[in-house]
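A short write-up of the structure that comes next.
The values are calculated or read from the model by the stated rules, or taken from the named source; none is laboratory data. For clarity, every value in this text was computed on a predicted model and none was experimentally measured. Every residue, glycine as well, gets a Cβ built from its backbone with ideal geometry; the counts of neighbours run over all protein chains shown.
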Amino acid sequence: MDHPLFDLITRRIREAEEAGEFDNLPGAGKPLPRVNDPENALINRLIRENGAVPEFVSLSRELTRMRQELRDVDDRTRRRDILKEMSMMEARIDLARKRYR
């Protein structure tokens, strides 16, 4: 169930957009500034320094490696095995993306 003020807020934002009140705001089109987050600073620094990425990113990299291997392999049995692995990897990537959201 939506908050009772949701419609009012949405209407006011729409009216402000139509009136051009959001045009030419300072910083428009620029990235948001970094936020000082002392509570998670250590965790964020460790993640950044160790090149950590979400699981679906590392799995996607592995899938790319498998595709390259598939291109280089002539053996039909090995190609079939790689295709099976790729299928499983795609399912794992899908699950990892859903968990990440």
**Asked** So is residue 97 part of a helix (DSSP H, G or I) and within 22 Å of the chain's Cα centre (by Cα) or not?
**Response** yes
**Prompt:** Which number in (1) exposed (fewer than 10 other Cβ atoms within 10 Å of the Cβ); (2) more than 20 Å from the chain's Cα centre (by Cα); (3) not basic (Lys, Arg) marks the one condition that residue 32 misses?
**Reply:** (2)
**Request:** Inspect the range 75-84 for any residue being of a type outside the set (A, V, I, L, M, F, W, C), surrounded by 10 or more Cβ atoms within 10 Å (Cβ to Cβ) and within 19 Å of the chain's Cα centre (by Cα) and give the result as yes or no.
**Result:** no
**Asked** Given the conditions (1) within 18 Å of the chain's Cα centre (by Cα); (2) in a helix (DSSP H, G or I), which single one is not true for residue 52?
**Response** (2)
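Residues that are within 29 Å of residue 101 (Cα to Cα), at pLDDT 90 or above and part of a helix (DSSP H, G or I): does the range 68-79 have at least one?
Checking the range 68-79: at least one residue is within 29 Å of residue 101 (Cα to Cα), at pLDDT 90 or above and part of a helix (DSSP H, G or I).
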